[in-house]
Amino acid sequence: MATTGTAPAPRTAVPPQPRSPAPHTSAPGATLIGSVQRAMRLLETVAAHEHGAPAKQLARETGLALPTAYHLLRTLVHEGYLRRDRGLFFLGDAAERLSSSGAQQKRRSTVTDTLARWRDAVGVPVYYAVYRDGEIGLIGVADTPASPAVEEWADFRETAHAHALGQCLLAQLDDAARRDHLDRYPVRPVTPYTVRDAASLLRRLERARETDVVIERQEYALGTVCAAVPLRVGAAAASVAVSLPVHQADRLLPTIQRLQAEMRCLLGSLALSISI
């Protein structure tokens, strides 16, 4: 039968829904925050002026509009990254802390990488310690699961007389500093093999100054032998040591001699950050 009026439109499939546009990896600038970039440029420019610089000069050198530069400079001063003195801007305490922290991290990374290289070269745990402000500081240790480091079971600072690193550090001190340390941390037995009294220890330290090598057998940890040598980088007393199981004691002297050879190869590029 015939019908009148307009025929209904034919039905079609639901069109595909729009998808979120894929990120444009070719335009990274779209994700950057312009104000942060401008603030960083200002910080870099201020850092280039040891004697400070006024806002107008900083705006000109960074290519910023003067009102924008003023706003960012005030913000950076408020946050401590800059300081203002008589119209000139200088790096502030917060920026100095960032710089100091970054340099310290770099030094620590250098120490870690160097110790790992020495460990791989000699095949045993390697230790690095310094003597600073009257105290022994163990800065770094490089070992492996197959050849673990000696566990610090007795306070390392208080038992310098009992381990090779400590004896090597004490041997580098002058007589007054050495006796001051032993007054604060008297010689005491740590194992049955520990040196018995201060007089015996001082005689041993004098021999160590002559030979540049300290050998210690089970004085700090039973079942372990250690050897240490001084590390002469800068003015501070520093030492590097190795450890072995007591049944491998015959390897100790050749191992520390090999480490000394490795140290001579790297000292030019090392500067082992004794200031850490």
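Summary of computed values
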{"quantity": "Packing-based ranking, highest mean first, of 141-149, 66-74 given that Cβ atoms within 10 Å are counted", "calculated": "66-74, 141-149"}
{"quantity": "Phi to ³J(HN,Hα) by Karplus 6.51 cos²θ - 1.76 cosθ + 1.60 over region 145-154, Hz, x for Gly, Pro", "calculated": "x, 6, 9, x, 6, 5, 6, 7, 8, 10"}
{"quantity": "Nonlocal amide H pairs with Leu82, under 5 Å, H built at 1.01 Å", "calculated": "Val77, Gly92"}
{"quantity": "13 Å reach of a label modelled at Leu253, 7 Å along Cα-to-Cβ, counting backbone N of region 212-233", "calculated": "213-216"}
{"quantity": "Added length on full extension, which subtracts the Cα-Cα distance from 0.36 nm per residue, Thr211 to Val77", "calculated": "42.6 nm"}
{"quantity": "Part-to-part distance (alpha-carbon centres) for region 191-212 and region 151-169, which is given in Å", "calculated": "13"}
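None of the figures in this text is laboratory data; all of them are computed from the coordinates on show. These numbers were taken from a predicted model, which means no experiment stands behind them. We place every Cβ from the backbone using ideal geometry, glycine too, and count neighbours over all the protein chains shown.
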